[in-house]
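Let me begin by presenting the structure, written as structure tokens, before commenting on it.
The values are calculated or read from the model by the stated rules, or taken from the named source; none is laboratory data. Values in this document were obtained by computation on a predicted structure and should not be read as measured data. Cβ placement follows ideal geometry from the backbone for every residue including glycine, while neighbour counts extend to all protein chains displayed.
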Amino acid sequence: MHDPTEGYARPTGADATGPGDDIEDLLQRARDAAARYITGVTARAPMPTDAAIAALEGFREPLPAGPTSAAEVLRRLDALGSPATVATTGGRFFGFVVGGTLPVTVAANWLATAWDQNAGTWTLSPVAAELEEVAAGWLLEILDLPRDAAVGFVTGSTMATFSAIVAARSALLRRAGWDVRRRGLRDAPRVRIVASAETHPTNLAALAYAGFGTDEVEPAPVDEQGRIIPEAMPPLDERTLVLVQAGNLNSGACDPFEPICARAREAGAWVHVDGAFGLWARASRRHRAMTAGIELADSWSVDGHKWLNLPQDSAIYACRDHDAVFDAFSVDATYIVRGARRQPNYYTPELSRRARGVEFWAALKHLGRDGVEALVDRSCAHAARFADGLRAAGYEVLNDVVLNQVVFACDDEARTRAALERIQASGVCWLGPTHWKGRFAMRLSVSSWATTTEDVERSLAVMAAARE
């Protein structure tokens, strides 16, 4: 019986030929397909056509009895899969808060995938561990967070927030004399949860993963832009976890961190900042004032695959309390070799995981401080231009456009829904619906490095025509 893997034997010398050439040919085919996709994505509609979606049926076949050549597998994946993608890496996808992908991070991702490193321990991947440590330091610097904070590299903001919540749970219960790692949660002292009335739904999911029900959440009232009103918050104590936001889901507004953190410190409470996209405002001299006091919190979470424009599955959390992090996540086994170096598995829920730090390092090395700042400022400028153009077209802009989010609507729900349908059907740009302050509205988020002034003006023309 033919073994399809036998063609991938490694060449053993400079003159090796044959099997090794197959790998080079396959990777060149992948490179060509990816380059065609990336360079062509700006010319296509953001959403796949009905024909492209229908063609996905071609993947639904019985499990093959025998092997298929690697070249044919890749060809089929490209032919059926590429047209059926959502063009989130283009310049005119404004739905959700989804960044594009910087070309350097795509290339870094490819190389890291070829390395196939398990980033769980230093011994399994010295390069992954070292790049994580460097990238962690750079991230704390550019976000101006405590330089000695523990940093964990995880999949997305949901897991980042979950990781911080678990660390907070450990710390708050330890202060009450309860060892949650040893004794679990049964009969444990109660941990109170205070969260913004407009907290992101994924925060509620993260709380549930950590054993806290939605009925336990005490909502903190918010103002017209979705910012917590500090004086209206429930009382805090030494067993309270407070969840605040850098970047409201709709408005982009940030909670007033200084007074909230001051109250929390006085009470002995823990403050976690959900900064999925808004924490990147810290990288901008023009916009960082809205995050004043955020450094006083106890933990923070932020996505890399949003505003930093890394490939998906890239986020971090940072935490002041190293002991709480280690208590929550450290794994020891006889086969895990320890040493004086940073052990990545002490910081995340996963032991085996991919080397996410490679892409963070690549983006920050490529962009530098000035490049990250320019990326944030450019996105915010595009959002401001959208707001001006939408008002001129007769829409009502419902939020103060302080970052990259714009919420807008017609004068009644029926007209708003009709306009949204026309915009989405245009094939020029894509944005999604939202409900905010009791109104059905449209929300756009400018998060991609690839969005140009031309993309904005072309999209505005479609939005203006959709309202007529």
* Structure fact -> Counted residues in the stretch 424-468 being within 19 Å of Val397 (Cβ to Cβ) and more than 26 Å from the chain's Cα centre (by Cα) come to 12
* Structure fact -> Sole miss for Thr348 among (1) closer than 23 Å to Asn250 by Cα; (2) within 18 Å of the chain's Cα centre (by Cα) is condition (1)
* Asked: Of the conditions (1) part of a helix (DSSP H, G or I); (2) at pLDDT below 95, Trp122 fails just one. Which one is it?
  -> (1)
* Structure fact -> In the stretch 109-118, residues that are assigned to a helix (DSSP H, G or I) and either more than 15 Å from Ile38 (Cα to Cα) or in contact with a strand residue (DSSP E or B) (Cβ under 6 Å, 6 or more places away or on another chain) (or both) total 5
* **Leading residue by the ranking (farthest from Arg174 (Cα to Cα)) among those in the stretch 265-282 that are over 27 Å from the mean Cα position of the chain (by Cα) and among the small types (Gly, Ala, Ser)** => Ala267
* Looking at the stretch 173-186, is at least one residue within 26 Å of the chain's Cα centre (by Cα) and either more than 25 Å from Val406 (Cβ to Cβ) or among the polar types (S, T, N, Q) (or both)? -> no
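For the stretch 244-263, what are the residues that are under 30 Å from Thr434 (Cβ atoms) and either among the aliphatic types (A, V, I, L, M) or without any contact (Cβ under 8 Å) to a residue 24 or more places away in the chain (or both)? Spell out the reasoning first.
Initially, the stretch 244-263 is screened for residues under 30 Å from Thr434 (Cβ atoms), giving 244-261.
Matches in the stretch 244-263: Val244, Ala246, Leu249, Ala253, Ile260.
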* Run down Val151, Val127 and say which single residue is at pLDDT 95 or above and surrounded by 23 or more Cβ atoms within 10 Å (Cβ to Cβ). => Val151
* To do: Please verify whether the stretch 87-106 includes one or more residues that are farther than 29 Å from Thr202 by Cβ, in contact with a helix residue (DSSP H, G or I) (Cβ under 8 Å, 6 or more places away or on another chain), among the hydrophobic types (A, V, I, L, M, F, W, C) and modelled with pLDDT of 95 or more.
  => no
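Sort out which residues of the stretch 318-360 are of a type in the set (Gly, Ala, Ser), surrounded by 19 or more Cβ atoms within 10 Å (Cβ to Cβ) and part of a loop (DSSP other than H, G, I, E, B), and write them in order of number. If you could, list the steps in order and put the result at the bottom.
Going through the stretch 318-360, the residues of a type in the set (Gly, Ala, Ser) turn out to be 318, 324, 328, 330, 333, 339-340, 352, 355, 357.
Filter once more, so that each one left must be surrounded by 19 or more Cβ atoms within 10 Å (Cβ to Cβ): 318, 324, 328, 355, 357.
Passing the criteria: only Ala355.
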* Please find, among Ala355, Ala383, the residue that is aliphatic (A, V, I, L, M), under 21 Å from the mean Cα position of the chain (by Cα) and more than 18 Å from Lys306 (Cβ to Cβ). => Ala355
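Looking at the stretch 182-214, which of its residues are among the charged types (D, E, K, R) and either free of Cβ contacts under 8 Å to residues at least 12 places away in the same chain or surrounded by 13 or more Cβ atoms within 10 Å (Cβ to Cβ) (or both)? Steps first, please.
Taking the stretch 182-214 as the starting set, the residues that turn out to be among the charged types (D, E, K, R) are 182-183, 186-187, 190, 192, 198.
Within the stretch 182-214, Arg182, Arg183, Arg186, Asp187, Arg192, Glu198 meet the criteria.
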